[in-house]
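Before any comments, here is the structure.
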């Protein structure tokens with residue numbers, strides 16, 4: 001089979017590989033819709049997870065099942081399925097402890113384009129099919145549903161990590177596709193004021209559609225100063241970090257009230273340390289909590305998120321700004337994520353229905 005791969009750090013290309021083998025509880029799928037991710041860019045061009053050779057990229061897909069193991073109960077060839085970016089081993093000790101995304105080691109639930117070939121191949125392997133795949137609901141657009149692989153669950157996990165409650169004031173730093181889904185999730189959780197930090201016009205407009213009440217443009221001054229001014233110097237109850245860099249944590253601490261929580265879902269692809277400002281953190285005693293987490297993955301989450309689409313409560317299809325037709329255009333879509341033109345939010349590649 002053919003796949004688009006990371007050849008080594010800084011280099012990508014097409015490779016030929018054997019079709020993956022199917023274990024007794026696993027599935028082999030072929031993609032229907034694919035989407036590249038900023039994580040792929042960190043992996044290839046920043047070397048954020050170290051050297052990889054001829055590893056097929058990609059972890060966002062809606063797919064068709066072509067083969068299942070003899071112990072798989074709920075899926076069969078021909079089924080159209082949602083594929084989460086994170087596919088835990090559900091019989092692991094870590095999963096039993098509630099941290100399935102770290103099954104087998106820290107971040108080891110993230111397998112596609114990390115420890116094994118990803119979804120940018122003519123076929124790809126899914127471990128623990130009954131625990132990780134979810135049926136594509138009737139009437140749900142597969143293109144919009146592709147956003148359920150990573151963008152929606154990662155953005156929503158920021159909401160969970162920040163522990164947002166009814167009436168909370170919330171800042172979402174970074175309104176790319178993940179941050180936009182954090183805005184949508186915060187609104188669904190009942191946040192009152194949502195301060196969305198970003199500058200690109202299409203992202204700003206979409207943030208408003210998803211529930212942002214205020215836009216903070218980092219090009220117009222320090223974001224901490226702007227948010228503190230809007231809140232009368234009090235700051236916000238919760239912060240979601242969905243963009244920025246290692247220095248963004250200092251700004252998040254500065255705008256957070258004592259007793260507040262920060263949920264980070266931004267993939268820090270470079271640097272060795274983050275900086276926490278001592279005074280603004282209350283000299284270590286300000287009850288300002290920081291949680292950073294990889295989204296949980298798995299079937300149940302996919303089914304619950306898909307139900308939001310079926311019920312008309314969420315439309316992640318608005319994230320998609322660029323559409324390509326055909327497997328051969330994966331490279332073009334990935335390069336868009338690398339170059340980030342101003343009109344880009346999220347590209348997809350439609351393979352077949």
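The numbers here are math on the coordinates, done by the rules we state, and not lab data. This one's a predicted model, so the numbers in the text were calculated from it and none came from an experiment. Cβ sites come from the backbone with ideal geometry, for glycine too, and all protein chains shown count toward neighbours.
Label separation (residue 228 vs residue 273): 2.3 nm, computed from points 7 Å beyond Cα along the C-beta direction.
Kirkwood analysis of the Cα pair distances in the range 267-345 returns a hydrodynamic radius of 17.5 Å.
Annotation for the range 30-50 versus the range 221-250: alpha-carbon center distance of 29 Å. Helix 177-188 and the long axis of the chain differ in direction by around 70°, with both axes built from C-alpha atoms.
Let me have the 222 nm mean residue ellipticity of the chain computed from DSSP H runs of 4+ only, each contributing -39500 (n - 2.57), with the sum over all residues rounded to the nearest 500.
Details: 11 runs with 92 residues, N = 353.
Helix-only estimate at 222 nm: -7000 deg cm²/dmol.
Of all DSSP beta bridges confined to the chain, the antiparallel ones make up roughly 50%.
What the Cα convex hull of the chain gives, in volume per residue, is 128 Å³. Rounded to whole Å, the principal axis extents of the Cα atoms in the range 155-292 read 38, 33, 28, largest first. Look at the Cα gyration tensor of the range 95-230: its axes a ≥ b ≥ c give a/c of at least 1.5 with a/b over b/c, and that counts as prolate.
Rounded to the nearest 0.05, what FRET efficiency do residue 17 and residue 245 have when you use their Cβ-Cβ distance and R0 = 30 Å? The partial results should precede the final answer.
On the way: r = 35 Å, r/R0 = 1.16.
With R0 = 30 Å, the Cβ-Cβ based efficiency is 0.30.
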